[in-house]
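Visitor: I have a structure I would like to understand better, so I am pasting it below and will then ask my questions one at a time.
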Amino acid sequence: MEKQISIIIPTYNMEKYIGKCLDSLLIPEFDQVEVLVVNDGSKDRSSEIAHGYADRYPGSIRVVDKPNGNYGSCINAALPLAAGRYVKVLDADDTFDSDAFSKFVALLGNVDDDMLITPFVDVDEEGVITRRDAVNYYNVNLYTTYIFEEIKDSALALYPTMHRLTYKRSLFDRLDYRQTEGISYTDTEWSMLPMAYIDTIRFTDVFLYRYLVGRVGQTMAPDKLAKSIDQLFMVSKDMIAFYKSADLSDERREFLNKKIISFIKSNIMIGLRSGSREVMDSIKEHDNWLKQESPLIYEAVGNIRYDERIPFLLVNDIRKKNYPTGYKVPKHVLYRLSIKIRLDKLFNR
């Protein structure tokens, strides 16, 4: 039986969650599914639990045990082994909606697009949905094949989340793709770099991914993000290195350039929530690196607006003030923004 999809599950100390994660994949079409559980040197029972599932489902589940190398190393270890027509990443503390997954696998047998987009939901520890992703995808038509040129400027294309993305496996034969190892947050690379190589994309309304929120120690917790600002900037540096060396057309280089700039802006905004001297020093160091290594991106970052509704250039202001501790957006800017927001609501814009 041909495998329609390979699911890569990076796993580190997830004994509490890995069983539930794997259970969510056990659909009637499971013989069309390949699951690659990458045990990243876990110190708990994660590997033992995963091997138990592999013993019961040897035709579909494989466990790769390796020394700890963080998230990117798990993708790098699994991707060359993936045999499915499509490939998707599922974090070990998250799950799929089983009914949606069954529908999705059936869909894969009838499509040939380079990338598929599926909406997701946020769930808490009890499995209660706390947020649903947008379905209309910025007014795109569902179940329609779009070519790259038609979607390259959409907000969704410029910065999608890993949870939405499924790539055609053969796409990775066309690029030298390796995620950064030894740090967190490299799922950003997964959601950005391969997209510069896609030719076709299809949007669906299959709510496949169930993203767990609120778990203690989660890397996306706001306090954890601020403390990890150096890792976020390391990811942006590696993506810029990829951008500079990639063999891409001017149009696709511009597309990737916009995605990287968007990521840098989000990192700076994360840092500003802390405002500590240490974080501001990290922003300054990264900014000076940009100035030396990629002047064009440095200039573009300087032209980032705090909000698209007003022309206040956030990073330029931070630079002029020499990256001050506890930086605050000027009050007159926030006032103008509040007026603009009220007007937009009034006129339904």
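The values are calculated or read from the model by the stated rules, or taken from the named source; none is laboratory data. Bear in mind that the values here come from a model prediction, so they are computed numbers and not experimental data. Note: ideal-geometry Cβ built from the backbone for every residue, glycine included; neighbour counts use all protein chains shown. Accessible surface is based on the protein model in full, side chains and every heavy atom, while ligands, DNA and RNA are left aside. Shrake-Rupley method; radii C 1.70, N 1.55, O 1.52, S 1.80 Å.
Visitor: Please give every one of the lysines within straight-line cross-link reach of residue 152, meaning a C-alpha to C-alpha distance under 26 Å, and leave out same-chain neighbours fewer than 8 residues apart.
Guide: 88, 168, 237, 244, 258, 259, 265
Visitor: Using only the Cα atoms of the stretch 248-336, what do you get for the radius of gyration and for Dmax, in Å?
Guide: Calculated on Cα positions, Rg and Dmax stand at 13.6, 43 Å.
Visitor: If one takes the longest principal axis of the Cα atoms in the chain, at what angle in degrees, from 0 to 90 and to the nearest 10, does the Cα axis of helix 229-245 lie?
Guide: Relative to the chain, helix 229-245 is tipped by roughly 80 degrees.
Visitor: Rank 332, 51 by accessible area, highest first, at a 1.4 Å probe radius?
Guide: Most to least solvent-accessible, the answer reads 332, 51.
Visitor: Kindly report the accessible area of the chain per residue (heavy atoms of protein chains, probe 1.4 Å, no ligands, DNA or RNA), in Å².
Guide: Averaged over the residues of the chain, the accessible area is 46 Å².
Visitor: List the lysines whose alpha-carbon lies under 19 Å from that of residue 331, not counting same-chain residues fewer than 8 positions away?
Guide: Straight-line reach from residue 331, under 19 Å: 320, 321, 340.
Visitor: Relative to the present Cα-Cα distance, how much length would full extension add between residue 129 and residue 335 at 0.36 nm per residue of separation?
Guide: Separation in residues times 0.36 nm, less the Cα-Cα distance, equals 70.7 nm.
Visitor: Would you kindly find the accessible area of residue 234, with a 1.4 Å probe and non-protein molecules such as ligands, DNA and RNA excluded, rounding to the nearest 10 Å²?
Guide: Surface open to solvent at residue 234 totals about 90 Å².
Visitor: Say we join alpha carbon atoms closer than 10 Å with springs in a Gaussian network model of the chain; which of 201, 147, 117 then has the biggest fluctuation?
Guide: Top of the fluctuation ranking is 147.
Visitor: Cross-link candidates for residue 16: which lysines have Cα within less than 19 Å, leaving aside residues fewer than 8 places away along the same chain?
Guide: 43
Visitor: Here's something else I'd like to know. So, with a 1.4 angstrom probe, what is the percent of accessible area on the stretch 268-329 that is carbon and sulfur?
Guide: 48 percent
Visitor: Hey, another quick one. If you rank 347, 148, 242 by how much accessible surface each has, with a 1.4 Å probe, what is the order from largest down?
Guide: Listed by decreasing accessible area, they come as 347, 242, 148.
Visitor: Something else now. Label the stretch 266-311 by shape, choosing from rounded, prolate and oblate, from the square roots a ≥ b ≥ c of the eigenvalues of the Cα gyration tensor; if a/c is under 1.5 it is rounded, and otherwise prolate applies when a/b is larger than b/c, oblate when it is not.
Guide: Oblate, since a/c reaches 1.5 and b/c is not below a/b.
Visitor: With each pseudo-label sitting 7 Å past Cα toward Cβ, what's the residue 20-residue 346 distance in nm, one decimal?
Guide: Distance between the two pseudo-spin positions: 4.7 nm.
Visitor: May I pose another question? Using Cα atoms only, what is the angle between the long axis of helix 250-274 and the major principal axis of the chain, expressed in degrees (0 to 90) to the nearest 10?
Guide: So the inclination is approximately 70 degrees.
Visitor: Would you mind telling me which residue in 236, 73, 262 has the biggest mean-square fluctuation in a Gaussian network model of the chain, where springs connect alpha carbons within a distance under 10 angstrom?
Guide: Among 236, 73, 262, the largest GNM mean-square fluctuation belongs to 262.
Visitor: Expressed in nm to one decimal, what extension gain is obtained for the pair residue 175 and residue 249 from 0.36 nm per residue of sequence separation less their Cα-Cα distance?
Guide: 25.3 nm
Visitor: How large is the accessible surface of residue 149 in square angstrom, using a 1.4 angstrom probe and rounding to the nearest 10?
Guide: So the heavy atoms of residue 149 present about 90 Å² to solvent.
Visitor: Would you mind telling me the antiparallel percentage of the DSSP bridges in the chain, rounded to 5?
Guide: Antiparallel bridges: around 40 percent, rounded to the nearest 5.
Visitor: Taking R0 as 41 Å, what FRET efficiency do you get between residue 153 and residue 31 from their Cβ-Cβ distance, rounded to the nearest 0.05?
Guide: That gives a FRET efficiency of 0.55.
Visitor: In whole Å, how far is the Cα centre of the stretch 63-134 from that of the stretch 267-289?
Guide: Centre-to-centre distance over Cα atoms comes out at 32 Å.
Visitor: Continuing with the same structure: If R₀ is 25 angstrom, what is the calculated FRET efficiency for the pair residue 284 and residue 262, using the beta carbon separation as r and rounding to 0.05?
Guide: 0.75
Visitor: While we're on this one: What ranking of 132, 277, 253 comes out by heavy-atom accessible area, probe 1.4 Å, highest first?
Guide: The ordering from most to least exposed comes out as 132, 277, 253.
Visitor: Counting only the heavy atoms of the protein chains, how much of residue 91 is accessible to a 1.4 Å probe, in Å² to the nearest 10?
Guide: Spelled out: residue 91, probe radius 1.4 Å, area about 30 Å².
Visitor: Test of understanding: what is the full-extension gain from residue 106 to residue 199, defined as 0.36 nm times their sequence separation minus their Cα-Cα distance?
Guide: 31.3 nm
Visitor: Apply the Kirkwood formula to the chain: the hydrodynamic radius equals the inverse of the mean of 1/r over all pairs of different alpha-carbon atoms; give it in Å with one decimal.
Guide: When all Cα pairs of the chain are included, the Kirkwood radius is 21.6 Å.
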